[in-house]
Amino acid sequence: MFQPRLALASLSGEADAAWARAASDYAGCAFLGGVSLDGPTREAARELVARDRSEFLPEDPVAFVDDQLTALADAPIRAGVNVRTTSVAPLREAARVAAAHDAILEVNAHCRQEEVCAVGAGETLLADADRLAAYVRTASDAGATVSVKVRTEVPGVDLVALAPELERAGADCLHVDAMDSEPVVADVRDACDLFLVANNGVRDRATVREYLDYGADAVSVGRPSDDPRVLRRVAAALADLTGEREVRP
């Protein structure tokens, strides 16, 4: 799906094309966003901005996705875009744009901010497997490579049972924020054949090895994604442990 098997996890309001390009010496993929696509999620994003969080709020979110992916057309990194929505129509449009750029469309079933969850987006989707599967199917039918960003430790949610449902719906990738439950990555690996990206606490060789040993196909870095020292350590560990190309100095 991408190589080197290091991804940059989306950081709302910060993860744009310039951010992705800056890390392209180290990472094989960058998930832009998150981008709120429809009215309810955009209103939630405005509320987040009102309490001093950073969010992308372009006038036309689908056009913004297109512009950002176009800006990465010549970059040596595969692009993805993490999106929030409560409806399928804008998701279908964003998926078509992603497909046109050979980018990954990532459905956000991860955000735990109260404002996002209150409108039925983010991690609330994990408890509504039918709706989440419908989103995946919509994006897949539009021609996109589909990732789903999820988190562990959500009460009442069984990721091990959910993963094969998402695979049957057309997902290609599961991006797992392991929180403090890293062994769940191994359980998810046993349950599905999805390309599995493990996230949370990836900083060095030890954390890379742990997730690879649990069966992850790749790892992702979140907050330190703008720190070349961390990216260099993680990329070098992946190169050594998987035999992938070394990063440029």
> Label point 7 Å out from Arg229 along Cα-to-Cβ: which residues of segment 177-220 have amide N under 17 Å?
Replying inline: 202-206
> Taking the simple approach of a point 7 Å from Cα along Cα-to-Cβ for both Asp130 and Asp180, what is their distance in nm?
Replying inline: 3.5
> Which FRET efficiency value, to the nearest 0.05, is calculated for Arg96 and Arg209 with the Förster distance at 45 angstrom and r the Cβ-Cβ distance?
Replying inline: 0.70
> About its Cα centre, how strong a charge dipole does segment 123-249 have in debye, to the nearest 20, once Lys and Arg get +1 and Asp and Glu get -1 at the Cβ?
Replying inline: 580
> Pick from Leu32, Leu48, Leu174: which residue has the top mean-square fluctuation in a GNM of the chain where Cα pairs under 10 Å get a spring?
Replying inline: Leu48
> Could you give me the ³J(HN,Hα) list for segment 95-105, computed from phi with Karplus coefficients 6.51, -1.76, 1.60 and θ = phi - 60°, whole Hz, x at Gly and Pro?
Replying inline: 5, 5, 5, 4, 4, 5, 9, 6, 9, 8, 9
> What residue among Leu72, Val62, Gly120 has its Cα farthest toward the positive end of the dipole of the chain, where the charges are +1 on Lys, Arg and -1 on Asp, Glu, each on the Cβ?
Replying inline: Leu72
> Which of the GluC sites (Glu not before Pro) found in segment 125-204 are in a DSSP loop and have at most 14 neighbouring Cβ atoms, other than their own, within 10 Å?
Replying inline: Glu153
> What residues from segment 98-125 fall in the zone where the backbone N is under 13 Å from a label point 7 Å along the Cα-to-C-beta line of Ala50?
Replying inline: 115-116
> Treating the beta-carbon of each Lys and Arg as +1 and of each Asp and Glu as -1, no other charges, what is the dipole magnitude of the chain about its Cα centre, to the nearest 20 debye?
Replying inline: 460
> Which percent, to the nearest 5, of DSSP beta bridges fully inside the chain are antiparallel?
Replying inline: 5
> Can you list the trypsin sites (Lys or Arg not before Pro) in segment 1-89 that are in a DSSP coil and have 14 or fewer other beta carbons within 10 angstrom?
Replying inline: Arg51, Arg53
> If you compute Rg/Rh (Cα atoms, Kirkwood Rh) for the structure shown, which of (i) 0.97; (ii) 0.94; (iii) 1.05 do you land on?
Replying inline: (ii)
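Throughout, read-outs are computed from the coordinates displayed, never taken from laboratory work. Nothing here was measured: the structure is a model prediction, and the numbers come from that model. Ideal geometry is used to build each Cβ from the backbone, glycine not excepted, and the neighbour counts take in all protein chains shown.
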